[in-house]
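To start, the structure itself, in structure tokens.
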Amino acid sequence: MSTNEHEGKPNLNSEENAPARRGEERLTSPVRGTGLFGAQTTGDTSGYGGLVVRGTAPLGSERPYTDPDDPHTAFFDDVADKIEASLGATDVGYGDAVERVVVDRGEITFHVRREALLTLARRLRDDEALRFELCIGVTGVHYPSDTGRELHAVYEFRSITHNRKIRLEVACPDADPHIPSIVSAYPTNDWHEREAWDFFGIVFDGHPALTRIQMPDDWHGHPQRKDYPLGGIPVEYRGAKIPPPDERRSYA
Amino acid sequence: MSTAPTEDYIDASGGDWDQVVEAAQKSSAERLVVNMGPQHPSTHGVLRLILTLDGESVTEARVGIGYLHTGIEKNMEYRTWTQGSTFVTRMDYLTPLFNETAYCLAVEKLLGITDSIPERASVIRVLMMELNRMSSHFVAMATFGMELGATTIMTNGFREREMVLDIFEHITGLRMNHAYVRPGGVSQDLPASAIPKIKELLVEMPKRIKVMRKLLDENPIYLARTRNVAHLNLAGCMALGLTGPLVRASGLAWDLRKAQPYCGYEDYDFDIPVSDGGDVYARYRVRVAEIEQSLRIVQQCMDRLQAGPVMVEDAKIAWPARLAIGPDGLGNSPDHIAHIMGGSMEALIHHFKIVTEGFRVPAGQAYAAVESAKGELGCYAVSDGGPRPYRTHFRDPSFVHLQAVAAMCEGGSVADVVAAVASIDPVMGGVDR
């Protein structure tokens, strides 16, 4: 005899409905692509033109981060503990700073809220238990489908003392593309941040001179964003015309 | 010497030189802003230095880059993962094999096939990278000599490099822009005739290095131009993110080949040359010692070369044909053409699919780094699960190192700027990508 008070109604929270819940999650996950075979018009007879392909929803890894079978992951739990302990000494809590942690392909990525980035960067540099002396730089990635978090800034840090490498990922919306600069902690990031501003339009607040670095000073737009066209002209070779790369058939 | 900027200055960044000289003679200002480059014989390509001079000394040095930006990272997003090799080889054109290997290691990490790369392919990669390290260091020394007016060093350096390039041409078909290292392995096996050529280099090169050392190590003019010039200590190197010969010349034995081995470097026996001079001379000594260590590694590669495949087994990733070397780079494989055109329809479909569509890479992100001749060369790759990169970014060591120009040059004399920039050994193809 069931004691479920919602008898007869689907209980969305119970474990036996897990597959249905996953389906709902699936529908909220970002759209990765639509259509297939380049079919965009009414001439589509394959039926694949209306296909919607969804990417995986962003998931965080659960502790333990260290996989005993993979030596590359050996320090992951330790470094997460050390960061947690180190942030305890500041006014930013670990839970406020780190949204989630992803362990994938033998690398650990800390998704950090932008408000906490500078504090965390300083702790990474100064805390003896962490000692990430070398910042490998920052680069942008544009995910137009990741609504509210379109622009990501990805930082790699290397510790020479402990021979470790971690990655920080900070997201900001297109409408408010501001991320604090960490040049005051890692001067090497000067040009990297200028490049990320130039190519993605991420404004690094507090940067000493955030100007374009690769593109001319009077350039409009940020060329490595996904909504910026590649441009190009068709190439003619022995009578055949080859379209520019961005207009060629895509199998994605 | 005062480093405080004066309000009154003469802008010598171009225009009519008669007017500039006239203004300089009229004015009492000592401060002169000189635009060095972007087209200047001693700036290693299209590098622009904006120098503020007070007499002969540099009070402010700024660097302008971007004159060789070719959009390689963006272009790669519209090509298959395999075609990416062809792009990255053109970034830092003096270290093409490092670019290709860093890229391929990142793609292989994304594919999860790092451990299934055949042993022979890894040995060939190491062999090619170490030869490339030698050729890159020879260019660094040769151009350095030329910029200081020592043309013998220049001709010697380029002559030595030619030996390496001959081997590259023999193996890959091209002297530069090889696209030889591909995701999954290398594009083709070493030809048997390459072995005697490499052995010849192993015999000849130590003599050439000895000549170079004899010419430079204790040369009083060279010492005067390089000792205590463009000094940068270890703290400065770390803050500015410097790696490679620059940080090793400041006393830190940091080398990714030892710290985070890849391609089986943990199995090779070699030393990390270190100097604590922190100046231009120390950087030269580190480079020349690294060439000697590279020779050791090449020798070990020759001993380790065992017969076997040079591409992963997975037919969904591996290029289907064994290509031959043609007169202008890679040529066709007649056997393969006969097979797909006359033998097997499935093979033809497979060939068509993998060449036009390419392979798909599971969604995710990865960072792979190699110790290039210039420092840490990293490749950050993002895949959305499709047959093309979603984003690739290269952390080129020259890009990072050029930030150190101000720290090395300010307060020094204008003649030492040339030495400082040459000791960084920047290649603008890599800086601007």
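The values are calculated or read from the model by the stated rules, or taken from the named source; none is laboratory data. Everything numeric here is computed off the predicted structure, so don't read it as measured data. All Cβ positions, glycine included, derive from the backbone under ideal geometry; neighbour counts span all protein chains shown. Protein only, heavy atoms only, side chains kept; ligands, DNA and RNA dropped before computing areas. Shrake-Rupley method; radii C 1.70, N 1.55, O 1.52, S 1.80 Å.
Expressed as a whole percent, how much of the Cα-Cα distance distribution for chain B exceeds 33 Å? More than 33 Å apart: 38 percent of the Cα pairs in chain B.
Taking the empirical scaling 2.2 N^0.38 Å for compact globular proteins as reference, the stretch A:66-174 has a Cα radius of gyration ratio of 1.05. Shown in residue order for the stretch B:240-248 are the 3J(HN,Hα) couplings computed by the Karplus curve 6.51 cos²θ - 1.76 cosθ + 1.60 at θ = phi - 60°: 8, x, 6, 9, x, x, 5, 6, 6 Hz (x for Gly and Pro). Solvent-accessible surface, computed for protein heavy atoms with a probe of 1.4 Å, shrinks by 20 Å² or more for the following residues of the stretch A:204-232 when the other protein chains are added to the isolated chain: A:Ile213, A:Gln214, A:Gln224, A:Lys226, A:Leu230.
For B:Arg391, the residues whose modelled amide H falls within less than 5 Å of its own, excluding neighbours fewer than 5 places apart on the same chain, are B:Val382.
Strictly over 32 Å apart at the Cα level, which of B:Lys214/B:Lys258; B:Lys210/B:Lys374; A:Lys165/B:Lys199 would you flag in this model?
Correct reply: A:Lys165/B:Lys199.
Burial here means at least 40 square angstrom less accessible surface with every protein chain in place than with the chain by itself, probed at 1.4 Å; in the stretch A:123-147 the buried residues are A:Leu134, A:Ile136, A:Thr139, A:Val141, A:Tyr143. Roughly how big is the B-A contact, given as buried accessible area in Å² (both sides, 1.4 Å probe, nearest 100)? What B and A bury together is about 4300 Å².
Computed 3J(HN,Hα) for the stretch B:221-227, one whole-Hz value per residue from the Karplus formula 6.51 cos²θ - 1.76 cosθ + 1.60 where θ = phi - 60°, is 5, 4, 4, 5, 7, 10, 5, glycine and proline marked x. Got a sec? Charge dipole of the protein assembly as shown, +1 on Cβ for Lys and Arg, -1 for Asp and Glu; which of B:Gly64, B:Gly45, A:Pro64 is way out at the positive end? So the residue we want is B:Gly45.
Using a 10 Å cut-off on Cβ to Cβ distances, tally the other chain neighbours for every residue of B:390-396 and report the average as a whole number.
Mean inter-chain Cβ contacts per residue within 10 Å come to 5.
Taken about its Cα centre, the stretch B:203-283 carries a charge dipole of roughly 400 debye when the Cβ of each Lys and Arg holds +1 and the Cβ of each Asp and Glu holds -1.
In units of the rule-of-thumb radius 2.2 N^0.38 Å, the protein assembly as shown shows an alpha carbon radius of gyration of 1.03. Using every pair of separate Cα atoms, the Kirkwood estimate puts the hydrodynamic radius of the stretch A:111-160 at 12.1 angstrom.
Over the protein assembly as shown, with the other protein chains present, what is the accessible area per residue in square angstrom, probe 1.4 angstrom?
Per residue, the protein assembly as shown has 44 Å² of solvent-accessible surface.
The amide H of A:Arg100, built 1.01 Å from its N in the peptide plane, has A:His111 as neighbours under 5 Å, considering only residues 5 or more places off or on other chains. Projecting the Cα atoms of A:Ala129, A:Thr90, B:Met134 onto the charge dipole of the protein assembly as shown, computed from C-beta unit charges around the Cα centre, puts B:Met134 farthest toward the positive end. Residues of the stretch B:50-70 losing 30 Å² or more of accessible surface, assembly versus chain alone, probe 1.4 Å, please list them. For the stretch B:50-70, once contacts with the other chains are taken into account, B:Ile65, B:His69 lose 30 Å² or more.
Taken over the stretch B:164-318, the alpha-carbon convex hull comes to 151 cubic angstrom per residue. For the stretch A:134-252, the Cβ-based charge dipole about the Cα centre amounts to some 620 debye (Lys, Arg positive; Asp, Glu negative; other atoms uncharged). Within the stretch B:104-218, the ratio Rg/Rh, alpha carbon atoms throughout and Rh by Kirkwood, equals 1.06.
Placing +1 on the Cβ of every Lys and Arg and -1 on the Cβ of every Asp and Glu, with no other charges, gives the protein assembly as shown a dipole of roughly 1660 debye about its Cα centre. Listed by chain and number, the lysines whose alpha-carbon sits under 18 Å from that of A:Lys226, ignoring those within fewer than 8 places in the same chain, are B:Lys74. Dividing the C-alpha radius of gyration of the stretch B:260-369 by 2.2 N^0.38 Å, with N its residue count, gives 1.64. Selection among B:Gly342, B:Gly184, A:Trp191 by position relative to the dipole of the protein assembly as shown gives B:Gly342 as farthest towards the positive end (Cβ unit charges, Cα centre). As a fraction of the 1.4 Å probe accessible area of the protein assembly as shown, surface on carbon and sulfur atoms comes out at 53 percent. Between the alpha-carbon centres of the stretch A:107-164 and the stretch B:232-289 there is a gap of 24 Å. Excluding same-chain neighbours fewer than eight residues apart, the aspartates and glutamates reachable from B:Lys316 by a Cα-Cα span under 19 Å are B:Glu108, B:Asp115, B:Glu346, B:Glu357, B:Asp384. Start at zero, step by 5 Å, and the Cα-Cα distances of the stretch B:378-433 spread as 4, 17, 20, 15, 13, 9, 7, 6, 5, 2, 1 percent across the bins. Per the Debye formula with a single identical scatterer at each Cα and no solvent contribution, what log10 I(q)/I(0) holds for the stretch B:158-237 at q = 0.12 Å⁻¹? Debye output, listed in q order: -0.61.
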